Amino acid sequence: MQAFGGFQGWQKRRQLLHNGPARRLRVQPNNHRLMNKTELIQHLADKHSLTKAEAGRILDTLLDTVVSTVKKGDGLVIPGFGSFKLHARAARNGVNPSTGDKIKIAAAKLPKFTPGATFKAAVDPKAAAKKAAAKAAKPVAKPADKKADKKAAKPAAKPAAKPAAKKAAAKKK
């Protein structure tokens with residue numbers, strides 16, 4: 001069977017030419033739709049009664065701020081949403097899968113996003129409820145006096161050793 005042969009192949013070619021590759025890539029294999037930058041700008045403009053140009057400038061400013069802050073090596077935290085950080089990956093050895101040769105992989109600096117608790121809870125409410133229930137079920141112990149804990153943890157003291165002079169005198173006898 002040919003890749004784009006027959007009547008269905010003709011339809012696929014026509015769809016590809018009409019829609020372009022960008023439209024095909026927006027739907028992932030698990031059928032979740034991806035929002036692109038233009039759609040995000042449109043959503044901001046509709047939600048806050050802004051023009052698309054104003055919403056675009058606001059989004060560009062936000063993204064530029066995040067990129068420049070992380071590029072400098074600083075972190076950016078948006079409470080409830082998440083944090084952006086610079087992650088340094090050390091150099092390491094690897095294996096070329098096609099030849100089996102050992103290769104050196106250079107060190108790299110990568111941006112890292114860590115989602116916040118509120119964002120995680122909004123995406124997966126079941127996991128958030130499960131985590132809250134586990135936290136509530138776990139008893140919270142108050143930290144006791146540290147000195148009392150150390151005394152209780154130590155074993156009974158050994159009897160004092162004899163001084164060296166008495167040991168030497170005992171051996172002579």
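The values are calculated or read from the model by the stated rules, or taken from the named source; none is laboratory data. These figures come from a predicted structure and were not determined experimentally. Heads up, the Cβs are rebuilt from the backbone with ideal geometry, glycines too, and the neighbour counts pull from every protein chain shown. The accessibility values were calculated without ligands, DNA or RNA, using every heavy atom of the protein model including side chains. Shrake-Rupley method; radii C 1.70, N 1.55, O 1.52, S 1.80 Å.
Taking R0 as 25 Å, what FRET efficiency do you get between Val67 and Arg92 from their Cβ-Cβ distance, rounded to the nearest 0.05?
Details: r = 26 Å, r/R0 = 1.05.
Using R0 = 25 Å, I get an efficiency of 0.45.
Taking a threshold of 18 Å on the Cα-Cα distance, which of the pairs Lys72/Lys104; Lys37/Lys72; Lys71/Lys112; Lys72/Lys112 fall above it?
Details: Lys72/Lys104 27 Å; Lys37/Lys72 25 Å; Lys71/Lys112 11 Å; Lys72/Lys112 14 Å.
Lys72/Lys104; Lys37/Lys72, as the Cα separations exceed 18 Å there.
Under a 1.4 angstrom probe, counting protein chains only, how are Arg57, Arg89 ranked by accessible area, largest first?
Arg57, Arg89
Is the shape of the range 28-99 rounded, prolate or oblate, going by the alpha carbon gyration tensor and its root eigenvalues a ≥ b ≥ c, with a/c under 1.5 for rounded and a/b larger than b/c for prolate?
oblate
Take every Cα-Cα distance within the range 65-129, group them into 10 Å bins from 0 onward, and report for each bin the whole-number percent of pairs it holds.
19, 29, 23, 21, 7
How long is the gain from Lys52 to Lys112 if the chain were fully straight, where each residue apart is worth 0.36 nm and the alpha carbon distance is subtracted?
Contour length minus the Cα-Cα distance gives 18.7 nm.
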